[in-house]
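Worksheet for the structure shown next.
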Amino acid sequence: MNHFPLFADLKDRTVVVVGAGLVAERKIALLRAAGARVIVSARACHPQVLARAQAGEIELRLGEFDPALLDEAWLAVAATSDRAQNRRVADAAAARRLFCNVVDDPELSSVQVPAIVDRAPLTIAISSGGAAPVIARRLRERIESLFDPALGALAALARRKRPAIRQARPQLRPRRDFYDWLLDGPVLGALRRGRADEAESLLDQALAAANPPPAGRVLLVGAGPGDPGLLTLRGLRALNEADVILADRLVSPAVLALARRDALVIDVGKTPGGPHESTQARIHALMVSHARQGRCVVRLKGGDPMVFGRGGEELQHLKRHGIAYEVVPGITAALACGAYAGIPLTHRDHAQSLILATAHRQADAAGPQGPDGADGRTRVYYMGVERLPALSARLLAEGHAADLPCALVENGSRPEQRALHATLGSLAEQARRHAIHSPALVIVGEVTALGMDLAWFGETLRTASAGDPAMHRQAVA
């Protein structure tokens with residue numbers, strides 16, 4: 001270990017910063033956030049630093065650096081572009097046995113300022129000892145994504161309740177178990193929802209009980225369309241919290257690979273034509289059973305759980321059985337398939353509204369009408385591949401033109417994505433000819449023709465009926 005890590009309490013303590021440029025301003029902002037009394041010494045001053053001085057946030061000394069400024073300081077920071085000047089500051093600090101940070105100069109520094117993940121009062125610091133600060137910053141970015149923003153509020157609550165926790169749990173092992181419950185249980189969820197009073201009440205109730213109650217809960221998480229890079233940060237944290245994961249068929253292996261390694265993964269996917277209702281009943285039973293055993297259950301759904309994903313039904317079932325739940329939205333297939341196929345779902349010239357629908361529809365259900373399909377709408381149909389002939393016939397019967405541009409996006413956002421461009425009249429036949437299979441999304445509307453020019457990902461299949469002289473393929477890198 002080249003450097004010994006410390007967390008310094010600088011509140012109301014003097015720190016001298018030599019230099020007043022933008023680099024110095026970044027250090028001043030950090031020091032002020034820590035409550036330090038900052039004295040800035042500089043020959044010239046950046047407007048942002050001057051504004052701080054005029055607001056009374058810092059004390060500004062313009063002119064040459066006076067080593068006597070360090071006599072009452074607890075820390076010195078040299079942040080000028082003149083290395084000789086920085087060395088004079090470092091030498092003056094060393095003569096007073098005072099730690100000094102020289103920005104971007106580990107050789108002259110006796111202390112390093114780390115990359116910081118701030119969840120006050122919880123603070124995480126990453127340092128390379130000045131050898132590779134860019135790597136430290138990149139690691140900080142990764143760690144930021146893993147730590148819930150509500151952890152700071154939880155740490156503050158735990159600090160305030162620490163005497164009560166010690167009194168109620170005087171033995172070390174039960175006290176450790178209680179803190180584990182704080183991290184894994186409903187208190188953090190309440191803070192995440194902005195319900196501080198509820199969180200404190202839950203903590204007090206648990207302290208009054210002989211043992212912490214089971215912390216079972218269910219998180220409905222949208223896994224997105226398949227590309228793991230499209231998973232939300234909250235979704236990633238949920239996968240790392242999970243004891244049990246109930247995964248849909250459309251969740252990609254790349255997303256599942258991000259989950260906690262020791263989580264129990266149960267495949268609850270529905271297959272086309274399979275017993276959907278019995279599978280859904282099994283999902284309901286599994287969620288309740290595992291949650292009642294005190295486990296964190298992640299119900300992982302492709303796309304977004306609240307868009308054609310039966311998320312509402314599952315929430316109703318959980319509420320009826322008194323199970324705590326949370327919803328983590330995901331990027332739904334319509335948005336992802338359109339974007340990855342270069343199809344803007346809305347466009348000032350071609351589409352002023354957007355309809356998301358399912359191809360599962362009762363025979364007598366009324367559909368939107370439009371003269372020759374030129375009604376300024378984009379229609380996106382989920383679960384439509386197996387019903388393409390019926391869907392196309394229905395839209396034609398509603399008055400849409402046979403030459404209305406359409407697209408069929410298979411495996412949207414995944415490496416094997418294919419986007420087929422055709423017309424409404426030829427779409428079903430072209431899908432059969434190119435062996436398009438689920439998961440795939442049907443996009444109908446004038447705006448889909450733009451995808452033939454704007455495509456940037458996967459393979460684009462164009463047909464003569466879609467406007468090309470002859471059927472051909474074009475691979476788009």
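So the values come out like this:
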| quantity | calculated |
| --- | --- |
| Helices (runs of 4 or more DSSP H) wholly inside segment 118-227 that include at least 3 residues being open to solvent by 40 Å² or more (accessible area, probe 1.4 Å) | 133-146, 151-160, 162-168, 172-184, 196-208 |
| Number of positions in segment 248-264 that are open to solvent by 50 Å² or more (accessible area, probe 1.4 Å), part of a loop (DSSP other than H, G, I, E, B) and closer than 24 Å to Ser289 by Cα | 5 |
| Residues satisfying the stated conditions in segment 294-345, i.e. among the β-branched types (Val, Ile, Thr) and closer than 27 Å to Ala190 by Cα | Val297, Val298, Val307, Ile323, Val327, Val328, Ile331, Thr332 |
| Counted residues, segment 302-314 - those being out of contact with any strand residue (DSSP E or B) (no Cβ under 6 Å at 6 or more places or on another chain) and either part of a helix (DSSP H, G or I) or under 24 Å from Asp262 (Cβ atoms) (or both) | 4 |
| Ser81 vs. criteria touching a Lys or Arg at 6+ places or on another chain (Cβ under 8 Å) and of a type in the set (S, T, N, Q) | no |
| Which numbered condition Ile245 misses (of (1) in a helix (DSSP H, G or I); (2) in contact with a helix residue (DSSP H, G or I) (Cβ under 9 Å, 6 or more places away or on another chain); (3) under 25 Å from His290 (Cα atoms)) | (1) |
| Residue in segment 42-64 that is touching a residue at least 24 places away in the same chain (Cβ under 8 Å) and in contact with a Ser or Thr (Cβ under 6 Å, 6 or more places away or on another chain) present | no |
| Cβ pairs under 8 Å, 6+ apart, first in segment 305-319 and at positive phi, second hydrophobic (A, V, I, L, M, F, W, C) and modelled with pLDDT under 95 | Phe308/Leu356; Phe308/Met383 |
| Top-ranked residue of segment 265-301 - restricted to ones that are in a helix (DSSP H, G or I) and small (Gly, Ala, Ser), ranked as farthest from Ile245 (Cα to Cα) | Ser278 |
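The values are calculated or read from the model by the stated rules, or taken from the named source; none is laboratory data. This is a predicted model, so every value here is computed, not measured. Ideal geometry is used to build each Cβ from the backbone, glycine not excepted, and the neighbour counts take in all protein chains shown. When the accessible area is computed, the model is the full protein with side chains, heavy atoms only, and any ligands, DNA or RNA have been set aside. Shrake-Rupley method; radii C 1.70, N 1.55, O 1.52, S 1.80 Å.
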